[in-house]
Amino acid sequence: MGTNDTNNSKLIYPELSYLLTGIYFSVHNEFGRYCLEKKYADELEKKLKEAGINFTREFVIPATKNAIDFLIDDKIVLEIKAKKMIVKDDYYQTQRYLQLLNKPLALLVNFRNR
């Protein structure tokens, strides 16, 4: 399979993922890379509502009492960060949430770089 393969049959929730990606870029373009995570989350929540996307913010996982940033359409775990660099612990945290909720897709989005 070539790198230019446009068959989305192996992608999970391709339309929703694409729509979410546009929203992330919109938030980042509006606020830049130096805001606090809460500010990005507040704007993301606003844009999700405007787009008519069903979500739960700060969804508490009953088994652990941990809260994920967003559960999108009861399908996608969304963790957002605003830090210089995503590290292994961020990935492992998101992976645990994915397993605990038995969901097929998690997105770990970092709004800050450098």
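Of note:
- Residue match in the range 26-34 (condition: of a type in the set (Phe, Trp, Tyr) and in contact with an Asp or Glu (Cβ under 8 Å, 6 or more places away or on another chain)): yes
- Selected residue [part of a helix (DSSP H, G or I), without any contact (Cβ under 8 Å) to a residue 60 or more places away in the chain, open to solvent by 30 Å² or more (accessible area, probe 1.4 Å) and of a type outside the set (A, V, I, L, M)] from Thr64, Thr21: Thr21
- Subset of the range 81-114 that is among the hydrophobic types (A, V, I, L, M, F, W, C) and part of a loop (DSSP other than H, G, I, E, B) - its residue that is farthest from Ile61 (Cα to Cα): Met85
- Odd one out for Leu44, checked against (1) of a type outside the set (S, T, N, Q); (2) in contact with a helix residue (DSSP H, G or I) (Cβ under 7 Å, 6 or more places away or on another chain); (3) outside any helix (DSSP H, G or I): (3)
- Flag for Leu71 being touching a strand residue (DSSP E or B) at 6+ places or on another chain (Cβ under 6 Å), hydrophobic (A, V, I, L, M, F, W, C) and closer than 17 Å to Phe25 by Cβ: no
- Selection within the range 95-114: residues that are touching a helix residue (DSSP H, G or I) at 6+ places or on another chain (Cβ under 9 Å) and of a type outside the set (Lys, Arg). The member of this set that is surrounded by the most Cβ atoms within 10 Å (Cβ to Cβ) is Phe111.
- Between Lys84, Lys88, Lys46, the distinction of being open to solvent by 70 Å² or more (accessible area, probe 1.4 Å) and at pLDDT below 95 belongs to Lys84 only.
The values are calculated or read from the model by the stated rules, or taken from the named source; none is laboratory data. Note that this is a predicted model, so its numbers are computed, not measured. Neighbour counts are summed over all protein chains in view; Cβ atoms, including those assigned to glycine, are modelled from backbone coordinates with ideal geometry. Surface accessibility is based on the protein's heavy atoms, side chains included, excluding ligands, DNA and RNA. Shrake-Rupley method; radii C 1.70, N 1.55, O 1.52, S 1.80 Å.
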